[in-house]
Every structure is written in C-alpha cells, then in structure tokens.
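Okay, structure first, notes after.
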Amino acid sequence: MPVVQKNAAAFWLLLTSGVWSLQSVPAVEKWAVPMRREPPKYTQPQWCFNSDPIYQAFKRGEVPLVCFKNVLSKVLLESLRSDATALRSAGFGATAGIAQAADGISDEVRRNVHQVWLQSPGQRPQEAFCGDIDARKKLLSFVSELRLDLAALPKYESLVPGGIELSYLLYEPGSFYKRHIDSPKVRDREGNVMVDKRAVSMILYLGDAHENRDWDISIDGGALRIYGNENVKCRQAQEKGEGRLQLDDYLDIVPERGTMVLFESEQVAHEVRPTERDRICVAGWFRHRSC
C-alpha cells in the first residue's frame, strides 16, 4: 500500500475508533506555513492630465495648485449634473446659509449653497436610489483612483483610504462662498494639531443646463478666486509656460464644465464669487493622518 494511502487509512481508523476526534487535531494555523502574498503592483490610470509636468510637480509637493480642462467625457459630466439636480429635487442634502467664520464671528460666509453628500470619511458611499446611479459610481471610482495616484509618492502617502469626502455643490443665482481655507490649522486643548485633516481639495465643474453658452465671468460671475502670489504664479506658469510673470494678489478660474482644480487644503485661500447662473460642481477632499 502506498505511504499516502496507508497514513490516510490509519488516520480514519483513529477517528472511527474514538481515540481521536476532529477537535483534538491541532489548529491548522499553528503548523501551516503562511503563504507570502506580494502587494499588487500599482498601475497609474491613463488620464489626460497624467503627462502634465505641473501635475507631477503637484504630486511631489513642489507646487500648491494645478488645474486641468476636459478631465471627463461630456456624456459623463452631463450625467453627473443631472444626478446632482435629481438628488436635490428628491430632497437630499441641505442648503447652507449663515456659517461661522474662521475667527469665530458669525457671518454670512456662504449663501444658498445646496450640498448633497456622497461620501464621508470612514463611511460607505451614501446610496440614493434615484438620479443616475451608474454615473455616480463612475465618479466614486475616479476619485478613489485619484487618491491612489496621489498617495503613490511620499508627499501624500499618508492619505487615508477611507478619508475621502465627496459632495455635490449646487449654487443658484445670487449664491457665493466667501474667502476661506478648507483645512485651517485647528489645535486641541493641549495645543496639538488635530489629526485627520484635509490635505488635498478637489473641485470638478459640471456646468449647468445652458452649457451651449460659454461661461463669461464678467457677466455670469461664479469664478473660483485663488488668493496668494505663490498660488497665482503656479497657475500662470501652467498656462503660459516659462517667462517673467506679472503677479497679482488673486487669480480667477472660470467654472467651465470639465475643469478640475486640485490644491493644498491648508495653504490655498479661495472664494466663489457671486454667480448669476446655476453653478454645479463636485467638491472633494482627501484627508491624511498627521500624528
């Protein structure tokens, strides 16, 4: 009798005779050799802005802001805009009115900005069975891949996998959002900087129902105004290339459909100028753990 069959027969005899039981067999994890699993190799997604040198510099932490046009397809952008308006019509989200300013003084920081949350840190994406569910899933997938791509380099390797905040922001005519910083330095009672802060802010513009008409900020308003000479210099360098730059204390970015802006949450002061037409966008934040 082959050795394997002989050992198997002896084992079965011990079980049936009552000498051994399955409970008396040593736990597998105590004697089994653990399998060594290699982590999956990261593959950078093929986005239209991957080759942009300013994006690569942003990932390395060399510049605080970067802006791209035509990031997603027109079909997906229109589907996301329709999804945002459908969720608002179905009663999701809330309209923000008076908020507390950074100095603690109650002030009208924003007006008539309707926010629909899609994902909060440490929670599963919210499921709303209305609107365009498929487009929403594609958006969540894109944002998750973007976090992975940012975290592939040391500057943002501390981005928390479950630390993504994502929402729709819907501005109606007359809405605005005054100058602010997305992640001001907040300290606890002992003076330590709070953990799980926002590291990178993302804005993706979805346009409105009249996108056949170009957005003119001199008439339509609604510009994203970026403050700070370094931030302005960074954006102008991306647009104009090398050369002598005339710096101003702010720069206005047109909220055209398909435009995406990434910037450091702790550094870039910004505001949304009063808009004269519907202005819909995706606002996202990637958080890191700074212990």
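The values are calculated or read from the model by the stated rules, or taken from the named source; none is laboratory data. Just so you know, these numbers come straight off a predicted model, no measurement behind them. Here the Cβ positions follow ideal geometry from the backbone for every residue, glycine too, while neighbour counts run over all protein chains shown.
Laid out as a table, the results:
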{"item": "Residue in segment 248-256 that is under 19 Å from the mean Cα position of the chain (by Cα), at pLDDT 95 or above and in a strand (DSSP E or B) present", "result": "no"}
{"item": "Options 163, 97, 104; residue that is modelled with pLDDT under 90 and under 13 Å from the mean Cα position of the chain (by Cα)", "result": "163"}
{"item": "Residue that is farthest from the chain's Cα centre (by Cα), among those in segment 261-289 that are of a type in the set (S, T, N, Q) and either buried (at least 19 other Cβ atoms within 10 Å of the Cβ) or within 26 Å of residue 78 (Cβ to Cβ) (or both)", "result": "275"}
{"item": "Subset of segment 51-77 (residues that are part of a helix (DSSP H, G or I) and crowded, with 18+ Cβ neighbours inside 10 Å)", "result": "54, 55, 58, 59, 76, 77"}
{"item": "Filter result for residue 178 (over 17 Å from the mean Cα position of the chain (by Cα), among the basic types (Lys, Arg) and at pLDDT 80 or above)", "result": "yes"}
{"item": "Out of 170, 166, sole residue that is of a type outside the set (Val, Ile, Thr), assigned to a strand (DSSP E or B), in contact with a helix residue (DSSP H, G or I) (Cβ under 7 Å, 6 or more places away or on another chain) and closer than 15 Å to residue 265 by Cβ", "result": "166"}
{"item": "All positions within segment 137-163 that are under 23 Å from residue 91 (Cα atoms) and in contact with a Pro (Cβ under 8 Å, 6 or more places away or on another chain)", "result": "140"}
{"item": "Residue ID - nearest to residue 143 (Cα to Cα), chosen from residues in segment 181-200 that are modelled with pLDDT under 65 and touching a strand residue (DSSP E or B) at 6+ places or on another chain (Cβ under 7 Å)", "result": "196"}
{"item": "The lone exception for residue 274 - which of (1) at pLDDT below 95; (2) in contact with a Gly (Cβ under 8 Å, 6 or more places away or on another chain) it fails", "result": "(1)"}
{"item": "Of all residues in segment 107-130 being at pLDDT 80 or above and within 21 Å of the chain's Cα centre (by Cα), the one that is surrounded by the most Cβ atoms within 10 Å (Cβ to Cβ)", "result": "118"}
{"item": "Unmet requirement for residue 145, which otherwise passes all of (1) buried (at least 17 other Cβ atoms within 10 Å of the Cβ); (2) modelled with pLDDT of 90 or more", "result": "(1)"}
